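Have a look at the structure below, then the notes.
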2 protein chains.
Amino acid sequence: MPTKTVRNNLASDFPDQVDQSELLGLLGYNIRRTYLVVQSTFDAQMEKLELRQADFAVLSTLRHNPGINQKSLADALAIAPPNLATLLDRLESGGLLMRQRSADDKRIQHVSLTAQGARLHTQALKAAQKADEVAVHKLSAAERQQLKSLLSKIFAA
Amino acid sequence: MPTKTVRNNLASDFPDQVDQSELLGLLGYNIRRTYLVVQSTFDAQMEKLELRQADFAVLSTLRHNPGINQKSLADALAIAPPNLATLLDRLESGGLLMRQRSADDKRIQHVSLTAQGARLHTQALKAAQKADEVAVHKLSAAERQQLKSLLSKIFAA
DNA sequence: TATTGTTATACTCTATAACTATA
DNA sequence: TATAGTTATAGAGTATAACAATA
């Protein structure tokens, strides 16, 4: 094999030799890289339903908390209120949810899924579970539980 | 205490009652929420150095792989080449790194830190380690190692 | 023809300021 | 005065297409 060929491949072969030990020693970097993988797996599974990550989080929360107001929804999902407003506009236009002004306090909007929204949530949940399965298929059930427990210690209030 | 006050606080108190069990049952969502926390902790620590997450990843990789080419750097850090090009432009303008056209293959740029870049990297590493410490302070040393090991099973090739 | 790197561009996500209507 | 929600907008992050230079 000619030396030239080896030299030509040097650039693309280099990645295997890249020393990333410093970055990989940082938990934050491991979480970042894991998030990138999980995110793209999720998006791939959810593509056919035309739902984004935040959309699914909203559908799921509405399914289990019908009539929740937007402030609570925004807080629970860590979405800024202006961004939630436009997200809800879009899902409402698509017939997935309804907003109802509170009679007690007319500032408040109560949000609920429509029947169509509930049906889509059922499908979306399956897709999300499938994405989870694809992303963490290398982990045993015990390891998955362990990972969830460790992560929740970091982000829980 | 008047009933009215309680009713006024209902909206903001609702979050504590929000049922998020479905979302929290998904590992992907746990990783997403953890990433948000870690990211903002990192940004807070790195703010005074005016470095973004990808900037630090580049400085770290250059420190340990001087003369690496942009293709390898892009692959190693999962950054798209056009985005890496502009990122390097910015760091080069700031005097943190140098690009040197390869003599063997004039398509290739070899990238290295300047002395100033190396000094900034040293400070940035301390900030990154501090951010790690702040984010995962609730975890024991054994748990941190365990978490790192579980995460790397998900994102490693 | 294929590869490295660049430019231009667009799209999504996120953050902030200012406004309304209600309380 | 304070809060819920909205509008408008700006910024950062990411992705793609097209190109120049070189192999």
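In this structure, A:Thr122 does satisfy being of a type in the set (Ser, Thr, Tyr) and either open to solvent by 70 Å² or more (accessible area, probe 1.4 Å) or within 30 Å of A:Val37 (Cα to Cα) (or both).
You will find that of A:Lys148, A:Lys106, the residue that is within 30 Å of A:Ser93 (Cα to Cα) and among the basic types (Lys, Arg) is A:Lys106 and no other. Inside segment A:108-128, residues that are assigned to a helix (DSSP H, G or I) and without any contact (Cβ under 8 Å) to a residue 24 or more places away in the chain make up a count of 5. For segment B:29-52, the set of residues classified as more than 7 Å from chain A (Cβ to nearest Cβ) and either surrounded by fewer than 19 Cβ atoms within 10 Å (Cβ to Cβ) or within 11 Å of DNA strand C (Cβ to nearest atom) (or both) consists of B:Gln39, B:Ser40, B:Asp43, B:Ala44, B:Glu47, B:Lys48, B:Leu49, B:Glu50, B:Arg52, listed by residue number.
Determine, yes or no, whether A:Gln146 is in contact with a Lys or Arg (Cβ under 6 Å, 6 or more places away or on another chain) and either on the phi > 0 side of the Ramachandran plot or within 13 Å of chain B (Cβ to nearest Cβ) (or both). Against the criterion (in contact with a Lys or Arg (Cβ under 6 Å, 6 or more places away or on another chain) and either on the phi > 0 side of the Ramachandran plot or within 13 Å of chain B (Cβ to nearest Cβ) (or both)), A:Gln146 does not qualify.
Just to be sure before I move on: is A:Leu59 outside any helix (DSSP H, G or I) and either under 20 Å from A:Gln116 (Cβ atoms) or not β-branched (Val, Ile, Thr) (or both) in the structure I sent? Judged against the criteria, A:Leu59 is not a match. Taken over segment A:39-54, the criterion of being free of Cβ contacts under 8 Å to residues at least 60 places away in the same chain and within 17 Å of A:Leu88 (Cβ to Cβ) is satisfied by A:Glu50, A:Arg52, A:Gln53, A:Ala54. Within segment B:121-135, one or more residues are of a type in the set (Lys, Arg) and within 20 Å of the chain's Cα centre (by Cα). Considering only residues of segment A:78-104 that are free of Cβ contacts under 8 Å to residues at least 12 places away in the same chain and part of a loop (DSSP other than H, G, I, E, B), which is nearest to DNA strand C (Cβ to nearest atom)? The extreme case among them is A:Ala80.
The values are calculated or read from the model by the stated rules, or taken from the named source; none is laboratory data. Note that the structure is predicted; figures quoted are calculated from it, not measured. Cβ sites come from the backbone with ideal geometry, for glycine too, and all protein chains shown count toward neighbours. Please note that ligands, DNA and RNA were not included when accessible areas were found on the heavy atoms of the full protein model with its side chains. Shrake-Rupley method; radii C 1.70, N 1.55, O 1.52, S 1.80 Å.
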